[in-house]
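The values are calculated or read from the model by the stated rules, or taken from the named source; none is laboratory data. Quantities reported herein were computed from a predicted structural model and do not represent experimental measurements. Quick reminder, even Gly has a Cβ in these numbers, built from the backbone with ideal geometry, and neighbours come from all protein chains shown. Note: accessible area is taken over every heavy atom of the protein model, side chains too, but ligands, DNA and RNA are not part of it. Shrake-Rupley method; radii C 1.70, N 1.55, O 1.52, S 1.80 Å.
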Amino acid sequence: MPFYKKLGNIPRKRHTAFRKEDESLYREQVMGTKGFSGIQSILYHHDAPTEIVKSELFADCHLEYEEQKDLCHRHFQTDFESNLGDAVSGRQFILGNDDLLIGVAKTTKSMDYYYRNSDGDELLFVHYGTGKIESMFGTITYEPGDYIVIPVGTIYRVVPNNEETKLLVIETISWITTPKRYRNEHGQLLEHSPFCERDIFGPEKLETFSEKGSFEVRTKSRGFLHSHFLSHHPMNVEGWDGYLYPWKINIRDFEPITGRIHMPPPIHQMFEGHNFVICSFVPRLYDYHPDAIPAPYYHSNVDSDEVLYYVEGNFMSRKGINEGSITLHPSGIPHGPHPGTIEASIGKKETLELAVMIDTFKPLKVVKQTNISEDFNYKYSWAPK
Ligand SMILES: [Fe+2]
């Protein structure tokens, strides 16, 4: 998405004969979004991407949501056991609506199949762990703090190094991109953007596997997981170019926007999609007006739900929150700093907090599941003691 990129070998002109050493043709595939009016890439495969030798329904992915409860603030813990699956099958979804799903995966396991989400873009935020994502566009290595955007239809698998990887996972039915207000009419990031193209990295190298065999690609589509077996390796791309490819940016490369008095939440925004935004709260100097209150004011998400995933550091406006906590502050009722945190923030010079925030413009529902525990007293944590 961010800019034009090319990896591997491609012909001088698009849509012309591109031959292998044995004179047979590479198979050209155009992956285009928005009916070929959006961004796209052109890939050259050793074998046709349509060569499927077995196709079957693999699983029903529809989630069961809990019954409607009282409208209140919620706090979930994600300290569940590791290896409930790999980076895809082990996803524990916590919140969702018709626009996106929010979950967590903790795993040491490499995927022994390939996967693509055909419904929309995915965003993986690496809380901890290192490893690589092998995709048809090439390999992206990851480390803590990386956001990895994987475009719709991209075949990939996650291979952790010899340690546990914990991912915050956002699956969408739309696109994920940088905020439009930070880009000029050509797509270039502007001077007031808190990050620029130098902070964004596409696949580092393209590895091409041309062997034949039986290779499983699981495709998520329309609420179901489908298993397709190809007669060739799915990572058989000789070369590609275009604007559509997986990319990463590290949360620590987000340069915070600060001011004399409290700056509004949109200054933390890093991504946007259909009916949601994603923000990064990073270590930063506090407001520098002599009487400034660095903690946020109480506020009402009049028309959006707010989800926070706490990564590390002491979140300045919260108490009783741990690393890996997820809070949901729904629209309809106000939220804000915990008692005492406003006073405690006055005169402080900086915060070391690191957190990811997802604001959704449609209400979120809580997924009914057993691996996530909840702090049921959170809704009363603002009450006088
Ligand atoms: Fe808020």
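Please list 242-250, 258-266, 45-53 highest first by mean number of surrounding beta-carbon atoms within 10 Å per residue. Present the calculation step by step, with values, prior to reporting the outcome.
Numbers: 242-250: 21.9, 258-266: 13.6, 45-53: 15.6.
So the order, starting with the most tightly packed, is 242-250, 45-53, 258-266.
Around the amide H of PHE18, modelled in the peptide plane, lie the amide H atoms of TYR26, all under 5 Å away and 5 or more residues distant in sequence or on another chain.
Straight Cα distances below 24 angstrom link LYS349 to the lysines LYS319, with same-chain residues fewer than 8 positions distant left out.
Take every pair of alpha-carbon atoms less than 8 Å apart whose residues are at least six positions apart; their mean separation over the length of the stretch 254-380 yields a relative contact order of 31 percent. When only Cα pairs below 8 angstrom with a gap of at least 6 residues are kept, the chain shows a relative contact order of 22 percent.
Compared with the rule-of-thumb size 2.2 N^0.38 Å for a compact globular protein, the stretch 254-380 has a Cα radius of gyration ratio of 1.07. Basic side chains Lys and Arg get +1 at the Cβ, acidic Asp and Glu get -1 at the Cβ, and with that the dipole of the chain about its Cα centre reaches some 520 debye.
For GLU81, GLU211, give the ranking by accessible area with the largest first, probe 1.4 Å. Before the final figure, lay out each step's value.
On the way: GLU81 120, GLU211 90 Å².
Accessible-area ranking of GLU81, GLU211, largest first: GLU81, GLU211.
When peptides 195-206, 176-187 are sorted by average Cβ neighbour count within 10 Å, with the highest value leading, the order is 195-206, 176-187. Sequence-ordered 3J(HN,Hα) estimates for the stretch 268-284 from the Karplus curve with 6.51, -1.76 and 1.60 and θ = phi - 60° stand at 8, 5, 10, 9, 8, x, 6, 6, 7, 10, 10, 10, 10, 9, 10, x, 7 Hz, glycine and proline given as x.
The mean accessible area for residues of the stretch 308-385, using a 1.4 Å probe and ignoring ligands and nucleic acids, is 50 Å² per residue.
Find, among the trypsin sites (Lys or Arg not before Pro) in the stretch 15-72, those assigned to loop by DSSP (not H, G, I, E, B) with at most 14 other beta-carbon atoms within 10 angstrom.
Details: sites: ARG19, LYS20, ARG27, LYS34, LYS54, LYS69; in loops: LYS20, LYS34, LYS69.
Loop-located and lightly packed - LYS20, LYS34, LYS69.
Partners of LYS54 within straight-line reach, counting lysines whose Cα lies under 24 Å from its Cα and excluding those fewer than 8 residues away in the same chain: LYS212, LYS220.
Full extension of the segment from THR208 to TYR297, taken as 0.36 nm per residue of separation minus the current Cα-Cα distance, would add 26.7 nm.
In this rough spin-label picture, where each label sits 7 Å from Cα along the Cβ direction, the ASP112-LEU71 distance is 4.9 nm. Ignoring lysines fewer than eight residues from LYS180 along the same chain, the ones with Cα atoms less than 22 angstrom from its Cα are LYS5, LYS34, LYS248, LYS362.
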